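Notes follow the structure.
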Amino acid sequence: MEGDTFIDKIRRSRSLKLFLLLGPGLIFLAIFFFAPFVISLMLSLGMLDKEVYTWYLTFEVTLRYYIRFFTNPGTVRAIILSFYYASVTTIGTLLLAYPMAYYMAFKMDKRMKTTAVFIIFLPFWINFILRVYAMRFILHEAGPLQQGLISIGLLSEPIPILGTDIAVIITMIYSYLIFMLLPIFGVVEKINKEYIEAAYTLGAPPLKTFLKITLPLSKPGIIAGSLLVFIPALGEFVIPILVGGGRAYTIGRLIYDNFIRISGILGWAMGSAAAMVYIGLILISTYIYFKFVGREITLI
Amino acid sequence: MSMVDRALKIIFWSIVTLTYLPIVVMILFSFNSSRSKLVFTGFTLENYISLINNANVWESFINSIWTAAVVVLVSLLLGILMAYAVVRYKPRGSTLLDSLIMVPIIIPEIVEAVTLVIFLIIVGFKLSPLTIIIGHVAFDAPLAYLVLKARFQGWNREYEEAAMTLGADEITTFFKITIPLMMPAILAAAFLTFIWSYDDFIKTFFTRPTGFDTLPVYIWNRVARGRLELDINALSTIIVAISFLFTYVRMKLVKE
Amino acid sequence: MASRRDFLKVAVAGAAGLALGGAAGYFARQGEVDRLQKEVERLMEQAGVEAPQLEENFNLFNWTWYANLALIEEWAKENNIKIQMDFYESNDELVAELELGARAYDVVVPSASYIPSLIEKGLLQRINLDKIPNHQYIPESFMGREWDPDNEYTLIYSYGTTAVAYNEDKMGGDTITSWGDLLDADNPDSILRRHAGKITMLTESIEVMDAAAIYLATQKGEDVMDWITTLDENKLEEMANVLIKQKPYLYGYASTEEYMEELPIGERFYISQSWNGDIAGIIWDSDEYEVKMTILNENIKYVVPEEGAIAWFDNFAIPANAENIENAHAFINWFLEPVISAIHTMTIKYPFPAGIKYVAQEIRNDPTIFVPEDLYDKLYWTSLTPEMEALWNDYWQRVQSA
């Protein structure tokens, strides 16, 4: 009986429903994400300190770590380079992933679709670092790709790719492709084919149908995919180190260096300050992105 | 088949082939008799033999799988509930909520990893496999939410409404209609969260207890021994073979 | 692989056999051979005896590829200790771990530069030298050093230098003698300019900046110590400028793992700022299960430039939050056993001072492994503080993003 009444209550009350649906996730994130986030914010403002392993509040607020971040001329260059890598990677993955998702969604039968997802997913069973190493081998001057091209006469001598921007971008596109592909596929796949057939029946040319119907309907997937690629790509630091010859200094490396290279509280404070600025930058750029591209993903 | 279709087919399969190139290289070198990653000196099965004898590698692989599986389940559960709530009930302030949920995805991993550990220390939480899972879910639940919400959007409510008109209540409708319709997106979200968790190194490295290695941490420790590719490549090859077999068998089964 | 069960015996016998067979030509006097033999017998007896009151677990946090790990595992097995070994690639990672204190390690191996600040912050605990009688085997020159004058917290583990390695075959007869060869971008005849695009520096900020500091100080005839410990922004600016000018002529900044793979091939680059131990690892064949005296890459040379170089001294230490303190002392004591130290050196080719007497002559005389004593007064050592790291990091970021 009591269970019944409780379920009845849920049925009636919208706010109770909302609480039950949103509650678990939000409470989890509040504890295990936002609490650490607040710690990071407090570190960046110099509000926390410790004695051996006992933490305490300093009861002061300072902006010196932020000022330090902005007065370093290296900072701006690192930010620009990161935006460059992340944008090119996002566009590159989009250009590759969209036709793939389209092909999967419209030209494959149901059984093949799932198989295709498995096939695309398969390389990701292999550890990321191993995949990047393999990529480094492939791009290597003495590697099979360049030597192969030379032996069939397409290349006269090996070109140094490793250690350049191109190597970084190729490896990033390769690593992030699936993060673009899956969300787009998830959305394109649900597009009602009847609309498209209706357009054809009404005599619309294929290109026009694509631009006027299919593409706009796939927008939420494109936006989700772009965010899933752009944001981690902006903070990427392993790939620039491994294939960028240690030259490509990105914001991700800058934050990592602050956190790890400078011992203890000072490093964590400086790293946190850099991270806060970085988060601000991302929020601003996603806002701009939403404004120009659309915000189906946030507005219902 | 039209020109466009053919072009699409070629694009699709050539990109898939390219993504397999590093895998092919890795498989090839799992049979290499020297330690070099660059020069193939001769064929051997030694790497496979030493792999079979190595209990640690299997243990870390199993650790990776089960922690990632738990992470996927919890993240999907939280993600589905949140995405459904936001799309279905459009609560006030959901735009703000969206931005808040996005922050875990935005924040650099190293920052999140270190501050999470500081938080765990301050509240007196002992490191365990559970702390690894917590750290991963804090990222993966928002990730699942983002993917699922994209699918929910422009959601055709007709089916749900039809079901409810026919007398099904909301909860039944959710499980019988909404979830099955969501399956492709749930699958996509499951894959993404799995990849992320299975492959994660930085956060795991900070939140793990001593003596509990996941595969990426184990591989890192193997790099430490300067013996990276001896059996790790062999392991990768076996993993690829198993998942390939799985895909193949599945394809055959569904056909019949 | 099959010999793992009796590994300790095999390894000890291997080292002894090598010495007894006179392969090294080192044990000239019969007395020394006898002593070694006795030492081996004593060890083999000890190996069977269970050590009293040791704890169940032992967590070691050490540098990557920096000990014979199979031998350590064997020690743990002999003593019924469940061992967990984790690794770090830089002092930064170790310090972060110690600062957080989330995981308790029993023995760590920090470099001397970080020790004064670790002690001051209370992150290390005192060691009990009575429980480590084998510290008597450490040569005088490594005891009571500046970073821990009374050895209250640390004992030497290993040491070496940061200098330059190159692949002789690719140099066209050129050799490297000074830091100017790598850093002088203004002179079109410098090695840097003539071998442009074939040179790498380390990825470690302090090491690269220190190279510029030593170069600039000697050029100006100033005290090197003043430069490598400087908080003076003008000096740092000059160092950064040298490195920014050098950058276009570099292949890039290469990690250990990368230059160890590339130097012997010499395709992408063939001159690298590097650590001597890594280079010894390329030159000599090393194997955890066998003493190998084979030279793999004779064409790789390692030189300490005439201006001098940074020396690093890694030390055993016990963190403040260690849980298995008896095991920590037992482990250090075991490692300092001369024959054990010698086996570590002979197998993985790093110098462990306590064992120097029992190391074969070829290895002991290789300047890439054991730093020659006549270089000692050209080697520099710095003590780092977080403030200095932060300031230097600012200038390093300028170089990196330039």
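The values are calculated or read from the model by the stated rules, or taken from the named source; none is laboratory data. None of these values were measured; they are calculated from a predicted model. Positions of Cβ are generated from backbone atoms using ideal geometry, with glycine treated the same way; all protein chains shown enter the neighbour counts. Accessible surface is based on the protein model in full, side chains and every heavy atom, while ligands, DNA and RNA are left aside. Shrake-Rupley method; radii C 1.70, N 1.55, O 1.52, S 1.80 Å.
Filtered by the rule that a residue be closer than 27 Å to C:Trp227 by Cα and either surrounded by fewer than 18 Cβ atoms within 10 Å (Cβ to Cβ) or touching a Phe, Trp or Tyr at 6+ places or on another chain (Cβ under 8 Å) (or both), the range C:355-381 gives C:Pro367, C:Thr368, C:Val371, C:Pro372, C:Glu373, C:Asp374, C:Leu375, C:Tyr376, C:Asp377, C:Lys378, C:Trp381. Among residues of the range A:229-258 that are within 12 Å of chain C (Cβ to nearest Cβ) and within 18 Å of B:Met102 (Cβ to Cβ), none has a beta-carbon under 9 Å from a residue that is of a type in the set (D, E, K, R) and open to solvent by less than 10 Å² (accessible area, probe 1.4 Å) at least six positions away or on a different chain. Condition test on B:Leu8, is it in contact with a Pro (Cβ under 7 Å, 6 or more places away or on another chain) and free of Cβ contacts under 8 Å to residues at least 24 places away in the same chain? When the stated conditions are applied, B:Leu8 passes them. Can you find a residue that is in contact with a Pro (Cβ under 7 Å, 6 or more places away or on another chain) and open to solvent by 20 Å² or more (accessible area, probe 1.4 Å) anywhere in the range C:246-256? The answer is no, given that none of the residues of the range C:246-256 is in contact with a Pro (Cβ under 7 Å, 6 or more places away or on another chain) and open to solvent by 20 Å² or more (accessible area, probe 1.4 Å). The residues in the range A:174-206 that are exposed (fewer than 13 other Cβ atoms within 10 Å of the Cβ), aliphatic (A, V, I, L, M) and at the interface with chain B (Cβ under 9 Å from one of its Cβ atoms) can be counted, and the count is 0. Confirm whether C:Thr229 is within 12 Å of chain A (Cβ to nearest Cβ) and under 19 Å from C:Trp312 (Cα atoms). When the stated conditions are applied, C:Thr229 does not pass them. Pairing residues of the range A:125-136 that are in contact (Cβ under 8 Å) with a residue 24 or more places away in the chain with residues that are part of a helix (DSSP H, G or I), at Cβ distances under 6 Å and at least 6 apart in sequence or on separate chains, gives A:Phe128/B:Asp199; A:Arg131/B:Pro22; A:Val132/A:Leu242; A:Met135/A:Thr171; A:Met135/B:Pro22; A:Arg136/A:Val243.
If only residues of the range A:249-274 that are among the polar types (S, T, N, Q) and farther than 14 Å from A:Phe237 by Cα are counted, the one that is surrounded by the most Cβ atoms within 10 Å (Cβ to Cβ) is A:Ser272.
Total residues in the range B:55-104 satisfying the condition of being β-branched (Val, Ile, Thr), within 26 Å of B:Phe212 (Cβ to Cβ), touching a residue at least 24 places away in the same chain (Cβ under 8 Å) and open to solvent by 10 Å² or more (accessible area, probe 1.4 Å): the figure is 4.
Where in the range B:115-188 are there helices (runs of 4 or more DSSP H), lying fully within it, with 3 or more residues that are facing another protein chain (nearest Cβ under 7 Å)?
B:129-152
Tell me whether the range C:84-91 contains one or more residues that are within 14 Å of chain B (Cβ to nearest Cβ), of a type in the set (A, V, I, L, M, F, W, C) and open to solvent by 20 Å² or more (accessible area, probe 1.4 Å). Yes, some residue in the range C:84-91 is within 14 Å of chain B (Cβ to nearest Cβ), of a type in the set (A, V, I, L, M, F, W, C) and open to solvent by 20 Å² or more (accessible area, probe 1.4 Å). One residue stands out in the range A:52-62 among those that are touching a strand residue (DSSP E or B) at 6+ places or on another chain (Cβ under 8 Å) and more than 7 Å from every other protein chain (Cβ to nearest Cβ): the one that is surrounded by the most Cβ atoms within 10 Å (Cβ to Cβ), namely A:Thr58.
Where helices (runs of 4 or more DSSP H) fall entirely within the range A:1-51, those with at least 2 residues that are surrounded by 12 or more Cβ atoms within 10 Å (Cβ to Cβ), modelled with pLDDT under 85 and not assigned by TED's automatic domain parsing to the domain that holds A:Met270 are at A:2-12, A:14-29. Restricted to the range C:185-213, and to residues there that are among the acidic types (Asp, Glu) and surrounded by fewer than 21 Cβ atoms within 10 Å (Cβ to Cβ), the residue that is nearest to C:Tyr249 (Cα to Cα) is C:Asp186.
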